[in-house]
Amino acid sequence: MRSCRLNMKYLESLNSMNEKLKNWGFEKRPLKEYLNLLEEKNMIIIEHTPIIDFLPEREIPSKNVCSLRLPVGNPENIAFHVGFPHQKRLYGLEDAKFKVRYTIGVFFSLDPKDVVFFSGDFEKSDEMTYFLDTKTAKDARVQTNYSSGVISRYDLDDLIEANPAESGNSLRGSAQELNDKWLIDNTSPFKFADITELKAKYHNWLIVPDPIEVRY
């Protein structure tokens, strides 16, 4: 019974925070307060969820690091990713059966308002916000063409459906070509010195190579 009461209190706290985050008045309230609330939510989730590594067999070393606590320094330099709670490392999505990668890397946004967008209006109350200090981002790219979407799971599902006899290796090669072409056509290397200019142009989406180590 006590466990049930604690769980209800935990969910009530998350729902209350999500309502505040969803309705935040950025024009009137300091950004730092918003970020503090995101960090507080992360800390509560850490206490109630186990740490998980979705691909523990993948031994590729991490080029990049993100955090569940706010990076020290200018809040304007933070990029945001919302995802499954309490991950040990972040990975781009991939097809479970064929191990075909849906995206090359993990998408972060330079716009804190996108936390609500990433959250699907907070449909899942316990999703965490992962913070990236953009000064430390290695080999990241910024999306510069927004008339094109991103390579989606639907593109790759169509690829798999059209080639049912192909081996996993062949499909992975085709998916890599699809993603590589998208990156060439729609992105450019991210330079931290250009961050103010990128924001002014609304070029807010970064693609960060995975795996990304999560620090607490």
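The values are calculated or read from the model by the stated rules, or taken from the named source; none is laboratory data. Keep in mind that what you see is a predicted model, and the values were worked out from it rather than measured. Virtual Cβ from ideal backbone geometry, glycine too; neighbours counted across all protein chains shown.
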Check: Name the residues in region 84-97 that are within 23 Å of Ala175 (Cβ to Cβ) and surrounded by fewer than 18 Cβ atoms within 10 Å (Cβ to Cβ), would you?
Finding: Phe84, Leu93, Ala96, Lys97
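Which residue, of Ile52, Ile60, Ile45, is within 23 Å of Leu11 (Cα to Cα) and more than 16 Å from the chain's Cα centre (by Cα)? Before the answer, list the steps.
Working: Ile52 fails: more than 16 Å from the chain's Cα centre (by Cα); Ile60 fails: within 23 Å of Leu11 (Cα to Cα).
None of the others qualify; the one that does is Ile45.
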Margin query: Which condition from (1) over 30 Å from Asp194 (Cα atoms); (2) crowded, with 19+ Cβ neighbours inside 10 Å; (3) at pLDDT 95 or above is the one that Val100 breaks?
Written below: (3)
Check: Do you know which residues across region 113-142 are within 22 Å of Phe26 (Cβ to Cβ), outside any strand (DSSP E or B) and in contact with a Pro (Cβ under 8 Å, 6 or more places away or on another chain)?
Finding: Glu127
Next item on the list: Kindly check whether there is at least one residue in region 35-55 that is out of contact with any Pro (no Cβ under 6 Å at 6 or more places or on another chain), within 26 Å of Gln143 (Cα to Cα) and of a type in the set (S, T, N, Q).
Entry: no
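Considering only region 9-23, I want to know if a residue exists there that is among the aliphatic types (A, V, I, L, M), closer than 14 Å to Tyr130 by Cα and either surrounded by 15 or more Cβ atoms within 10 Å (Cβ to Cβ) or free of Cβ contacts under 8 Å to residues at least 60 places away in the same chain (or both).
First, pick out the residues of region 9-23 that are among the aliphatic types (A, V, I, L, M): 11, 14, 17, 21.
Filter once more, so that each one left must be closer than 14 Å to Tyr130 by Cα: none.
No, region 9-23 contains no residue that is among the aliphatic types (A, V, I, L, M), closer than 14 Å to Tyr130 by Cα and either surrounded by 15 or more Cβ atoms within 10 Å (Cβ to Cβ) or free of Cβ contacts under 8 Å to residues at least 60 places away in the same chain (or both).
Would you check if there is a residue in region 49-64 being among the basic types (Lys, Arg), under 30 Å from Ile104 (Cβ atoms) and modelled with pLDDT under 95?
Within region 49-64, the subset among the basic types (Lys, Arg) is 58, 63.
Among the residues that remain, those that are also under 30 Å from Ile104 (Cβ atoms) are: 58, 63.
Then keep just the ones that are modelled with pLDDT under 95; that gives 58, 63.
Checking region 49-64: at least one residue is among the basic types (Lys, Arg), under 30 Å from Ile104 (Cβ atoms) and modelled with pLDDT under 95.
Picking from Val72, Val65, which residue would you name as being among the β-branched types (Val, Ile, Thr) and within 18 Å of the chain's Cα centre (by Cα)? Let's see the steps before the verdict.
Values: Val72 fails: within 18 Å of the chain's Cα centre (by Cα).
The conditions single out Val65.
Among the residues of region 159-195, which ones are in contact with a helix residue (DSSP H, G or I) (Cβ under 8 Å, 6 or more places away or on another chain), modelled with pLDDT of 95 or more and surrounded by fewer than 17 Cβ atoms within 10 Å (Cβ to Cβ)? Outline the logic, then answer.
From region 159-195, those in contact with a helix residue (DSSP H, G or I) (Cβ under 8 Å, 6 or more places away or on another chain) are 159-160, 163, 166, 171, 174-175, 178, 190, 192, 195; that's our starting set.
Now restrict to residues that are modelled with pLDDT of 95 or more: 190, 192, 195.
The one that is in contact with a helix residue (DSSP H, G or I) (Cβ under 8 Å, 6 or more places away or on another chain), modelled with pLDDT of 95 or more and surrounded by fewer than 17 Cβ atoms within 10 Å (Cβ to Cβ): Phe192.
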Check: Does region 16-41 hold any residues that are over 14 Å from Pro112 (Cβ atoms), of a type outside the set (A, V, I, L, M) and in a helix (DSSP H, G or I), and which are they?
Finding: Ser16, Asn18, Glu19, Glu40
Check: Given Leu68, Leu37, which one is closer than 24 Å to Pro211 by Cα, surrounded by 15 or more Cβ atoms within 10 Å (Cβ to Cβ), touching a helix residue (DSSP H, G or I) at 6+ places or on another chain (Cβ under 8 Å) and in contact (Cβ under 8 Å) with a residue 12 or more places away in the chain?
Finding: Leu68
